[in-house]
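Below is one structure, written out as structure tokens, with a few remarks after it.
Nothing in this text is a laboratory measurement; each read-out follows from the coordinates by a stated rule. All figures in this text were calculated on a predicted structure; none of them were measured in a lab. We place every Cβ from the backbone using ideal geometry, glycine too, and count neighbours over all the protein chains shown.
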Amino acid sequence: MMRVAVLFACVLGVLSTGSLSSASAQSSSSEAATETARVATPAPFRVAVEGAEGACTASAGEPGAEALRSHLEHRLKRTVLACGFATKSAAGAALAAGDVDLAMLDGPAFVDAGAGAASGIRALVAPRAAAGVGRILTVGVVRGEGKPASLKEAGTARIVYAGTAPPFYAGPRAAALDHGLAPPTADREVTAAGPEAALSALRAGEADLMLLHASAWQRVCRGERTGDMTCGDLKEIWRGRSSASVAWSVRLDMDRETMLRLVGVLVALHLENRPAFEWMAPGAGELTPTEAGALAVGG
């Protein structure tokens with residue numbers, strides 16, 4: 001009888017141990033599921049809205065801003081909050097501090113926030129005017145053995161442009177001025193009848209520096225065969241774009257997937273959600289991806 005009692009006690013002990021182990025396993029499983037759910041749910045995406053200062057909320061108030069907030073929430077598949085700031089500089093400071101994820105900045109706000117890598121922020125997309133040349137990529141070219149060596153050294157240089165149309169004159173000139181070229185006097189500027197004529201003037205010594213948009217430079221230097229380049233006697237001393245007046249900006253440490261998805265959403269905004277687009281870029285034709293330092297003069 002004693003042996004039966006002992007055996008029964010052992011069985012009860014095993015069953016109890018099994019129940020405790022099962023309960024422990026279930027508890028661990030539940031904790032793991034909770035942690036997985038926490039990690040799988042992204043943090044709210046916060047958009048700076050210029051106007052009255054206010055806390056981040058799930059309602060932007062202003063119709064255009066609310067249209068953007070709702071659109072981003074749908075496309076990014078995460079909660080999007082609107083955060084009120086009185087000025088672009090205040091929004092830039094919040095972006096640099098990691099308190100918002102997307103903000104429209106201008107040059108002064110970009111500088112106030114620390115300007116670029118030092119602040120941890122970058123320009124992402126900028127409005128492109130419905131009319132005009134926009135921020136075209138421009139090159140500065142000199143003869144191979146000639147000077148100036150940089151735009152800042154071109155104070156007395158004679159400059160040739162490929163024409164008077166905005167893509168050949170106003171656009172390249174504005175870009176060069178933003179990157180250190182001193183405003184040239186009229187007697188130092190020459191306009192040629194096209195890119196080929198501008199190259200001829202430079203080679204003939206009728207000018208010291210040619211400013212030309214990059215696509216035309218590539219086209220006129222392409223030879224008849226693939227890989228041929230016919231401008232080996234010339235030297236590119238600079239290339240860049242004019243600075244953007246405003247740009248929607250993000251943090252440099254934004255994860256790449258979110259950044260690329262955000263760019264895709266914003267460049268299509270003028271087609272997909274006009275109220276949101278017109279609030280983000282009033283008077284513009286579209287939003288275009290831009291380089292990180294687009295707001296920095298000379299950047």
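Starting at 0 and stepping by 5 Å, how many percent of the alpha carbon pairs of the range 172-299 end up in each bin? All Cα pairs, binned at 5 Å, distribute as 2, 8, 14, 15, 14, 12, 12, 11, 8, 3, 0 percent. For S249, the amide hydrogen comes within under 5 Å of the amide hydrogens of A103, M104, L105, L124, counting only partners 5 or more places away or on other chains and with H modelled in the peptide plane. Equivalent-ellipsoid semi-axes for the range 138-240 (Cα gyration tensor, √(5λ), whole Å, largest first): 20, 14, 13.
The Cβ shell under 15 Å around D106 holds other residues with a net charge of 0, Lys and Arg each +1, Asp and Glu each -1.
Per-residue 3J(HN,Hα) values for the range 150-155, derived from phi via the Karplus relation 6.51 cos²θ - 1.76 cosθ + 1.60 with θ = phi - 60°, read 7, 5, 5, 9, 9, x Hz in sequence order (x marks Gly and Pro).
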